[in-house]
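Student: Here it is: the structure, laid out below.
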Amino acid sequence: MSTTATTCDPLQAGTTVNSLTNASGCEFDCNNSYYFLLPEVTNTITTTSCDPLQVGTTVDTFVAFNTCDSIVTTIVTLAAYDSTGTTATTCDPLAVGSVTDAFTNTSGCE
């Protein structure tokens, strides 16, 4: 008789042979167990953010469809931002000064 099973634990993978001794003193194999190692599921997500506080790498572990570990690595880098200055002149004393406007660039950052 043999048994086939799967496992997520590399230490459990392999073959187990169970031997017994009969009444005559002879050994015989009564049960062979075969444990096949299931693969872990790994994914890497690379993205950008305008927020410097979100930049970095995180690793999360979940249970995958095959009951083994699913490891998700998220890499967040800082998106580019632009800065442009314009100088103008005026004869109106009420329009003199400095004005700053923020617009969203193609990276989605201000």
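Student: Anything in segment 49-86 that is among the aliphatic types (A, V, I, L, M) and either under 30 Å from residue 8 (Cβ atoms) or not in a strand (DSSP E or B) (or both)? List them, or say none.
Tutor: Quick first cut of segment 49-86, residues among the aliphatic types (A, V, I, L, M) only: 53, 55, 59, 63-64, 71-72, 75-76, 78-80.
Result: 53, 55, 59, 63, 64, 71, 72, 75, 76, 79, 80.
Student: Just give me the residues in segment 26-48 being touching a Cys at 6+ places or on another chain (Cβ under 9 Å) and not in a strand (DSSP E or B), in sequence order.
Tutor: Scanning segment 26-48 gives 38, 39, 40.
Student: Out of (1) farther than 24 Å from residue 72 by Cβ; (2) modelled with pLDDT of 70 or more; (3) in a strand (DSSP E or B), the odd one out for residue 23 is which?
Tutor: It fails just one condition, (3).
Student: Out of the residues in segment 52-110 that are charged (D, E, K, R) and within 26 Å of residue 41 (Cβ to Cβ), which is nearest to the chain's Cα centre (by Cα)?
Tutor: This residue is 60.
Every residue, every condition in (1) modelled with pLDDT of 85 or more; (2) hydroxyl-bearing (Ser, Thr, Tyr); (3) out of contact with any Gly (no Cβ under 7 Å at 6 or more places or on another chain), yes or no:
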residue: 61; (1), (2), (3): yes, yes, yes
residue: 69; (1), (2), (3): no, no, yes
residue: 75; (1), (2), (3): yes, no, yes
residue: 86; (1), (2), (3): no, yes, yes
residue: 91; (1), (2), (3): yes, no, yes
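Student: Going residue by residue through segment 96-107, is there one that turns out to be aromatic (Phe, Trp, Tyr) and without any contact (Cβ under 8 Å) to a residue 12 or more places away in the chain?
Tutor: For segment 96-107, residues aromatic (Phe, Trp, Tyr) and without any contact (Cβ under 8 Å) to a residue 12 or more places away in the chain: present.
Student: Can you tell me how many residues within segment 26-66 are over 30 Å from residue 78 (Cβ atoms), of a type in the set (Ser, Thr, Tyr) and open to solvent by 70 Å² or more (accessible area, probe 1.4 Å)?
Tutor: Of the residues in that region, 2 qualify.
The values are calculated or read from the model by the stated rules, or taken from the named source; none is laboratory data. Since the model is a prediction, treat every value here as computed from it, not as a measurement. Cβ coordinates were reconstructed from backbone atoms using ideal geometry, including for glycine residues, and neighbour counts include every protein chain displayed. SASA here: full protein model, heavy atoms, side chains in, ligands and nucleic acids out. Shrake-Rupley method; radii C 1.70, N 1.55, O 1.52, S 1.80 Å.
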